[in-house]
Amino acid sequence: MLKIENLHASVDGKEILKGIDLEINAGEVHAIMGPNGSGKSTLSNVLAGRPGYDVTEGAVHYNDKNLLELSPEERAWEGIFLAFQYPVEIPGVNNVYLLKAGLNAIRKHRGESELDAMDFMSIIREKMKLVDMDESLVRRSVNEGFSGGEKKRNEIFQMAVLEPKLAILDETDSGLDIDALKVVAGGVNKLRSKERAIVMITHYQRLLDYIEPDAVHVLADGRIVKTGDKSLALELEKRGYDWVLEETRV
Amino acid sequence: MTQPIKMLRDAAWQVYEQTGLPTTRNEDWKYTDLSRLTAVLGETWWTPSHAADLDKETVEEQSIPELDAYRLIFINGRFQEDMPNLPEGVSVVPLSTLLVSDADKAAKALEMDEKTPLFNGAIAVNTAMASDGACICIADGVKLDKPLYLLHVATSGGASHIRHGIWMGRGATAHVIEHYVGNSTDAGLTHNVTLVHLDEAATLYHDRLQLEAEKQFHLGRVDVKQLRNSRFVSHSLALGAALSRVDIAVSLSGVNASCVLNGLYLIGGRQHADHHTRIDHASPDCTSQETYKGVLSGRAHAVFNGKVVVHEGADGTDAKQSNGNLLLSDHAEVDTKPELEIYADEVKCAHGATVGQLDLEQLFYLQSRGLDKTSAKNVLTFAFADDALTQMISAPVRRYLERAALKRLPQGDELQEMV
């Protein structure tokens with residue numbers, strides 16, 4: 001589904017990603033871990049098409065398309081979803097309106113008919129249960145006045161509604177207490193499917209206690225320096241990142 | 001014309017002849033050049049437009065849809081003989097009638113105080129020339145069940161001089177909508193002064209909606225005197241006209257009076273919109289809240305000046321003011337100036353102004369959820385503007401304005417679902 005080849009990217013002329021190779025298939029869950037400043041968020045932003053990131057080398061193939069040529073909305077239409085590390089507050093723009101406009105744009109792109117208000121609301125109600133989302137939150141302006149946990153929960157709720165093929169969760173666990181983490185992780189688990197790939201970007205192992213990954217990658221200084229299964233995450237939790245960095249330097 | 005009215009008119013005309021129209025040398029008119037008015041309409045810019053009739057269909061077309069209200073129609077500044085049946089305690093008499101039947105009351109409606117803030121020669125012309133308007137009296141304790149809707153349609157060039165007066169008795173409540181539209185392809189002038197008196201504990205919701213035709217000039221002034229515990233909630237909108245200037249002056253002259261002044265200007269092309277407001281906190285424990293928002297595209301030019309004066313002894317004043325502007329084009333220009341003068345000790349005052357572009361983080365967020373860039377920009381622009389309308393009391397009025405605002409955005413029609 002997603003094939004990243006020798007990806008180099010820089011921000012403000014400073015190279016952050018220095019040659020990433022990664023392949024992810026439908027149905028897989030990959031965790032990308034790494035110390036602060038290793039380039040984790042840069043990778044997720046480049047994949048989602050955030051402005052301000054220059055790809056200087058390499059390629060990203062997504063279902064036979066050159067991903068880097070697509071605008072952010074075209075990526076959304078093709079089934080890519082980014083759960084933001086810092087979800088943006090948008091006063092005056094209703095959550096329900098945003099999701100309806102987004103979902104209908106995606107459906108239109110797929111050649112499907114647009115949903116009317118009633119069909120749409122029944123989808124909303126069904127997905128709200130998935131992440132235990134309160135209706136009053138759903139009806140408010142996007143993320144306005146939401147707590148940190150509510151914002152993260154809203155991201156997963158949006159993911160549930162938009163049903164992406166490739167979901168990138170950027171530090172979705174940060175800022176969550178243990179109860180909220182369980183709810184969010186529970187929601188993500190329910191969204192696992194054979195057709196969907198999920199990339200989880202995280203600093204800590206604890207999210208992986210609840211969402212079991214198929215593969216774990218360690219990102220350091222803009223490169224993937226080690227790949228393993230979930231036991232790698234446990235080892236990182238115990239021993240920190242230093243040993244990986246030293247091992248790879250040898 | 002009765003003798004007292006003639007004297008009043010002559011005196012006002014003399015004031016105009018002495019002072020003339022304000023020029024850009026006047027600090028309050030620095031950015032709004034009325035020589036454009038004389039250049040287009042001539043030195044006799046004040047010449048009244050012709051009387052005209054409008055067919056029912058056109059009137060309905062120009063009206064706010066779905067609005068259940070007591071409607072009064074003014075065409076080229078003249079009241080159309082079609083007075084709605086008003087409930088007890090509510091009196092509305094056209095100024096044209098009062099001029100003939102009750103000189104004292106007419107003189108009250110034409111009152112002019114050269115010492116009021118933001119006074120200028122144009123007001124004197126309005127006093128000298130005003131031929132019609134609505135003189136509205138709401139008796140003590142009366143709560144008007146439906147809005148009074150003053151629809152003004154300009155159908156041809158020339159000037160319409162309109163004078164409204166709203167007198168609210170103790171504890172009375174009303175909603176008055178002044179709506180200015182037109183279908184004239186010639187340049188003309190709408191020139192309105194509205195005097196508002198709020199007795200103790202009276203509440204007036206006042207909407208002033210300027211959606212004139214594109215060549216029209218528009219000069220407006222609202223002069224508000226508030227007594228104890230009264231409340232004035234104003235929404236002033238500028239979406240139309242080539243050049244518009246609206247001054248709102250509120251005097252909080254009784255303990256615990258409060259006012260809300262909200263506004264929105266949404267202009268493009270070469271439109272010019274100027275909003276000056278002045279709030280005088282002349283009594284203790286009064287509250288004023290002001291939020292004006294502006295969205296400018298093309299080569300539009302907007303001016304906002306909000307002055308709050310807290311007078312000596314007006315302790316316990318709470319005054320908040322903000323003006324936010326969104327520039328959608330590199331050629332649009334805004335001159336904003338919040339002003340605060342405080343002569344009392346115990347006051348809470350806050351003011352601020354911003355001028356900016358759309359937030360790129362918000363834009364990316366919307367795009368990442370599937371909205372194309374144009375829609376995402378429209379959504380954010382609309383949300384920014386709509387923030388000025390959240391305190392409007394009438395849903396049909398707000399919906400009408402939201403639809404009008406969307407029409408002015410590129411591909412805004414696709415967003416009609418937002419409202």
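Overview of results
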item: Leading residue by the ranking (farthest from the other protein chains (Cβ to nearest Cβ)) among those in the range A:35-82 that are on the phi > 0 side of the Ramachandran plot and surrounded by 15 or more Cβ atoms within 10 Å (Cβ to Cβ); result: A:Gly58
item: Residue within the range A:111-133 that is open to solvent by less than 30 Å² (accessible area, probe 1.4 Å), more than 8 Å from chain B (Cβ to nearest Cβ) and within 17 Å of the chain's Cα centre (by Cα) present; result: yes
item: Filter result (closer than 25 Å to A:Ser147 by Cβ, touching a residue at least 40 places away in the same chain (Cβ under 8 Å) and of a type in the set (A, V, I, L, M, F, W, C)) within the range A:74-130; result: A:Phe81, A:Leu82, A:Ala83, A:Phe84, A:Val88, A:Ile90, A:Val93, A:Val96, A:Leu98, A:Leu99, A:Leu130
item: Residue within the range A:131-151 that is modelled with pLDDT under 95, among the aliphatic types (A, V, I, L, M) and in a loop (DSSP other than H, G, I, E, B) present; result: yes
item: B:Thr38 assigned to a helix (DSSP H, G or I), within 29 Å of B:His275 (Cβ to Cβ) and open to solvent by less than 50 Å² (accessible area, probe 1.4 Å); result: yes
item: Any helices (runs of 4 or more DSSP H) falling wholly within the range A:166-250 and containing at least 2 residues that are surrounded by 14 or more Cβ atoms within 10 Å (Cβ to Cβ) and within 16 Å of the chain's Cα centre (by Cα); result: A:178-191, A:206-210
item: 1 or more residues among the acidic types (Asp, Glu) and away from chain A (no Cβ under 14 Å): qualifying strands (runs of 3 or more DSSP E) within the range B:300-419; result: B:317-327, B:333-342
item: Test: residue in the range B:218-233 that is under 24 Å from B:Ser131 (Cα atoms), assigned to a loop (DSSP other than H, G, I, E, B) and not assigned by TED's automatic domain parsing to the domain that holds B:Lys407; result: no
item: Count - residues of the range B:292-307 that are of a type in the set (Ser, Thr, Tyr) and either open to solvent by 30 Å² or more (accessible area, probe 1.4 Å) or not assigned by TED's automatic domain parsing to the domain that holds B:Lys30 (or both); result: 1
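Yes/no matrix, rows are residues, columns are (1) at pLDDT 95 or above; (2) farther than 30 Å from B:Ala405 by Cβ:
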site: B:Tyr31; (1), (2): yes, no
site: B:Pro48; (1), (2): no, yes
site: B:Val59; (1), (2): no, no
site: B:Asp68; (1), (2): yes, no
site: B:Asn76; (1), (2): yes, no
site: B:Gly89; (1), (2): yes, yes
site: B:Ser96; (1), (2): yes, yes
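The values are calculated or read from the model by the stated rules, or taken from the named source; none is laboratory data. Keep in mind it's a predicted model, so treat the numbers as computed, not measured. Glycine also receives a Cβ, built like all others from the backbone with ideal geometry; neighbour counts cover every protein chain displayed. All accessible areas refer to the heavy atoms of the entire protein, side chains included, with ligands and DNA or RNA removed. Shrake-Rupley method; radii C 1.70, N 1.55, O 1.52, S 1.80 Å.
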